[in-house]
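Peer 1: Below you will find the structure I want to go over with you.
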Amino acid sequence: MDDVEEDVLRGVVTIAAFRGEKPHRTQYLIEQKQIPVGKEGTRYIASKRRLIEHHLKSTSGEAA
């Protein structure tokens with residue numbers, strides 16, 4: 001993904017949809033610092049690339 005805007009997900013609902021899970025589950029994982037996210041003001045943001053890398057590490061048995 002060359003374009004930064006194409007890589008950025010904004011908001012818990014959008015991040016959850018990308019991950020294929022319900023927003024409340026994503027919110028919980030964010031609060032527990034289990035997934036790589038940041039904040040833009042009061043809104044959570046995430047990188048599609050970083051979420052994919054995190055998922056691959058988690059499912060391969062590597063430390064998250």
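Bear in mind that the values in this text are calculations on the coordinates, not laboratory data. The shown structure was predicted, so the numbers you read here are calculated from the model rather than taken from an experiment. Here Cβ is always computed from backbone atoms with ideal geometry, including for glycine, and neighbour counts include all displayed protein chains.
Peer 1: Tally Lys/Arg at +1 and Asp/Glu at -1 over every other residue whose Cβ is under 12 Å from the Cβ of Ala46; what's the total?
Peer 2: Charge balance near Ala46 sits at +4.
Peer 1: Quick check on the exposure proxy: order Ile15, Ile35 from fewest to most C-beta atoms within 10 angstrom.
Peer 2: Going from least to most buried by this count: Ile35, Ile15.
Peer 1: Where does the chain land at 222 nm, in deg cm²/dmol rounded to the nearest 500, when only DSSP H runs of n ≥ 4 count, each adding -39500 (n - 2.57), divided by all residues?
Peer 2: Helix contribution divided over all residues of the chain: -14500 deg cm²/dmol.
Peer 1: If you filter the chain for trypsin sites (Lys or Arg not before Pro), then keep DSSP loop positions with at most 12 other Cβ within 10 Å, what is left?
Peer 2: Taking the chain and a limit of 12 other Cβ atoms within 10 Å, the loop trypsin sites (Lys or Arg not before Pro) found are Lys33.
Peer 1: Among (i) 49; (ii) 152; (iii) 86, only one was calculated for this model; which label is it, if the read-out is volume of the Cα convex hull per residue in Å³?
Peer 2: (iii)
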